Amino acid sequence: MTILKGGSLLFACLLALLSYIGIVEFYRMALPDRNSESWLAAIAGSALIFTPFASGERLALSAVGLLFLAFALLFLFRIRKITDAAREVAYAVLAFIYIPFLLMHLVMLRQTTFGVQWLLVIMLIVMTNDSAAYYTGSAFGKNKLYPLVSPKKSIEGALGGLLGSICGTLLAKFTFFEQLSFIDALATAIVIGMLGQVGDLFESLLKRSFGVKDSGTIFPGHGGVLDRLDSILFAAPATYYYVTYFFKG
């Protein structure tokens, strides 16, 4: 809470740190033999978090394009095995898009009129969704949601999670965010709640593809930074664009 209220720059510094760790974790899973490139990517990706302070979305898109060109050249002239080259470049680009580019939307959201409130809404949606999905799935889960990617998740748990998200947004409305209409509360709970679940599934897909259980060990018993951010990464851009184009305040 202190960081959220401490200003956009302090908040961006926290996200840059998370982005740095997240990219290092991603490279350890996807490109374990590219240690030097991982640190370079982590630094460049963290810098991307600060682009909204300069020229907003336009500079951010330009920065992503420049990062692609830079790392395409880097991998072109640092080939390890020619048959793996295209896959390695694709992973390098995915790391930038998946982690700092998506996280950057939280900085842009923080800069909006009710930025702090919206960031708290995202946290509430994700937390209530996760908790409700877990308890509902444990008690009533019988039908698998997507067993190929996440065998333990159930349809009942996913629906319970969405109900939890609605409770979360209503709690926000009646406590600290009275400008949130009932339509806003319902729409964001469903859309962001669903995208949060998809983000969780997507990270599970990556980990299963890479053959790892957790993205890292920074949180003992709970995995790495990416394991903690998977839902928020997908929720961040959806919330920002909802606020930009639909929220009246």
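The values are calculated or read from the model by the stated rules, or taken from the named source; none is laboratory data. Please read these numbers as outputs of a predicted model, since none were measured by experiment. Here the Cβ positions follow ideal geometry from the backbone for every residue, glycine too, while neighbour counts run over all protein chains shown.
Condition first: closer than 30 Å to Tyr27 by Cβ, touching a strand residue (DSSP E or B) at 6+ places or on another chain (Cβ under 8 Å) and not in a helix (DSSP H, G or I). Now tell me which residues in segment 149-205 satisfy that. Across segment 149-205, the qualifying residues are Pro151, Lys153. Would you check if Asp84 is assigned by TED's automatic domain parsing to the domain that holds Ala235 and either closer than 29 Å to Leu40 by Cα or acidic (Asp, Glu) (or both)? When the stated conditions are applied, Asp84 does not pass them. Give the residues of segment 210-230 that are assigned to a helix (DSSP H, G or I) and within 21 Å of Asn129 (Cα to Cα), sorted by residue number. Matches in segment 210-230: Val225, Leu226, Asp227, Arg228, Leu229, Asp230. Among the residues of segment 101-116, is any under 25 Å from Ala44 (Cα atoms) and free of Cβ contacts under 8 Å to residues at least 60 places away in the same chain? Scanning segment 101-116, I find at least one residue that is under 25 Å from Ala44 (Cα atoms) and free of Cβ contacts under 8 Å to residues at least 60 places away in the same chain, so the answer is yes. In segment 147-185, of all residues being touching a residue at least 24 places away in the same chain (Cβ under 8 Å) and among the charged types (D, E, K, R), the one that is farthest from Tyr242 (Cα to Cα) corresponds to Lys153.
Screening segment 161-180 for residues that are among the small types (Gly, Ala, Ser) and farther than 17 Å from Val116 by Cα and picking the one that is farthest from the chain's Cα centre (by Cα) gives Gly164.
Can you confirm whether segment 61-71 contains a residue that is in the same structural domain as Ile21 (by TED's automatic domain parsing), more than 16 Å from Ala42 (Cα to Cα) and either surrounded by 14 or more Cβ atoms within 10 Å (Cβ to Cβ) or among the polar types (S, T, N, Q) (or both)? Yes: one or more hits. Scanning segment 25-41 for residues that are surrounded by 22 or more Cβ atoms within 10 Å (Cβ to Cβ) and either touching a Cys at 6+ places or on another chain (Cβ under 8 Å) or farther than 15 Å from Ile97 by Cβ (or both) yields a total of 1.
Among the residues in segment 6-14, are any part of a helix (DSSP H, G or I) and under 27 Å from Ser209 (Cβ atoms)? No - not one qualifying residue is present in segment 6-14.
Of the helices (runs of 4 or more DSSP H) lying entirely inside segment 40-147, those carrying at least 3 residues that are touching a Pro at 6+ places or on another chain (Cβ under 6 Å) are 102-110. Only a single criterion out of (1) surrounded by fewer than 20 Cβ atoms within 10 Å (Cβ to Cβ); (2) among the small types (Gly, Ala, Ser); (3) closer than 19 Å to Leu102 by Cβ is not satisfied by Gly224, namely (1). Here the condition is being in the same structural domain as Phe11 (by TED's automatic domain parsing) and at pLDDT 95 or above; of Leu103, Leu170, it holds for Leu103 alone. Scanning segment 38-68 for residues that are hydroxyl-bearing (Ser, Thr, Tyr) and under 12 Å from Ala12 (Cβ atoms) yields Ser46, Thr51.
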